[in-house]
1. Please specify each residue of the range 246-265 satisfying the condition of being crowded, with 17+ Cβ neighbours inside 10 Å and within 15 Å of the chain's Cα centre (by Cα).
2. Does residue 115 fit the bill of being touching a residue at least 40 places away in the same chain (Cβ under 8 Å) and either buried (at least 19 other Cβ atoms within 10 Å of the Cβ) or assigned to a helix (DSSP H, G or I) (or both)?
3. Answer yes if at least one residue in the range 263-275 is part of a loop (DSSP other than H, G, I, E, B) and under 20 Å from residue 224 (Cα atoms), and no otherwise.
4. As an exercise: evaluate residue 59 against (1) touching a residue at least 40 places away in the same chain (Cβ under 8 Å); (2) farther than 25 Å from residue 236 by Cβ and give the number of the one condition it does not meet.
5. Say whether the condition of being surrounded by 18 or more Cβ atoms within 10 Å (Cβ to Cβ) and at pLDDT below 95 is met by at least one residue in the range 15-29.
6. So, residue 377, is that one exposed (fewer than 10 other Cβ atoms within 10 Å of the Cβ), under 29 Å from residue 70 (Cβ atoms) and modelled with pLDDT under 95 or not?
7. Would you mention how many residues in the range 10-31 are closer than 28 Å to residue 330 by Cα, under 28 Å from the mean Cα position of the chain (by Cα) and without any contact (Cβ under 8 Å) to a residue 60 or more places away in the chain?
């Protein structure tokens, strides 16, 4: 039995169908790039990280402000609960988040880490200046593009970002490891969990990542197009966010793919669950994500005798299993992923499970797991509109004209 991670799904897939899926995976794997993300050592220079970050390893540094979005920050969010310092993830240029961060931090107790692979992410580039103006210290994670030029002019230290698919590269490169290390997260244990997981899950033999991918694939073939994740712990929501990004961005190409979404639990029991149990069938796959032994936990006091003296997590675990059972009773194909506890090693193991599953699923769908060819369409439109100072009315008129052409006889 796997002590770090458990996977339970219904209905079960027969051995014959699972073997068919494994055969498809093996037949398709040579069509696409090899999975670089299983290499947990080649893209990291731990000694260089220690050397460059030494100037920021001071007792007065209490805040790590990370400017990044998508793959540039999602793996760090999976580790955020393990930080010894406050992490402020700034994933956009929205004024509310920027002002809140500036109000709660100061240049004396903070370091700002902008992260970008291509260097052209508008949200990140536009947020750098306000921190620079206020005198914050910077450590850049960048290799090219506009952001790299900005950081070089600032003469701040810069560590490289590999030119790899960001959503898969975060865990094995400076992208997640540098801010995690500066935050006091024990990155060695995280990398050990990753490595341990990949040795099992990327064997191209029967394992729970292979089973999960086959489960999703056969449902996809039956018409299911959305995976709705239900995380029962805040400590696992960052990992679930990585799963959502990877399943959506990796499979969603060439008019194929599965969309990922989520809502926190138990709150979703009072909103979305009614649809999952009684709404349209054959469209959504619910996936429950949970932690067996939460950290921290506490003992509850209650006038209800079967609650009094129980731990808070025990009550949550009963709700987890009740929700799962209700889904099965209503004939809703669903699954549960659980880790023993949210330690750095177990989070590494969980991410290796997630990334192995998505990789296999892409091979089953016969799609390139690593690229995202259309993600820059909106970025290009936005940059051109900004450069040309197009007013809102003109932008709306452009949309109307495009829609008339594209949706001539849609309804």
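1. Hits for the range 246-265 are 246, 247, 248, 249, 250, 251, 260, 262.
2. Taking the combined requirement at face value, the residue satisfies it.
3. Scanning the range 263-275 turns up at least one residue that is part of a loop (DSSP other than H, G, I, E, B) and under 20 Å from residue 224 (Cα atoms).
4. (1)
5. no
6. yes
7. The total comes to 1.
A quick yes/no check of all residues on (1) in contact with a helix residue (DSSP H, G or I) (Cβ under 7 Å, 6 or more places away or on another chain); (2) assigned by TED's automatic domain parsing to the domain that holds residue 181; (3) at pLDDT 95 or above:
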site	(1), (2), (3)
99	no, yes, yes
105	no, yes, yes
114	yes, yes, yes
124	yes, yes, no
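The values are calculated or read from the model by the stated rules, or taken from the named source; none is laboratory data. Values in this document were obtained by computation on a predicted structure and should not be read as measured data. All Cβ positions, even for glycine, are placed from backbone atoms using ideal geometry, and neighbour counts span all protein chains on display.
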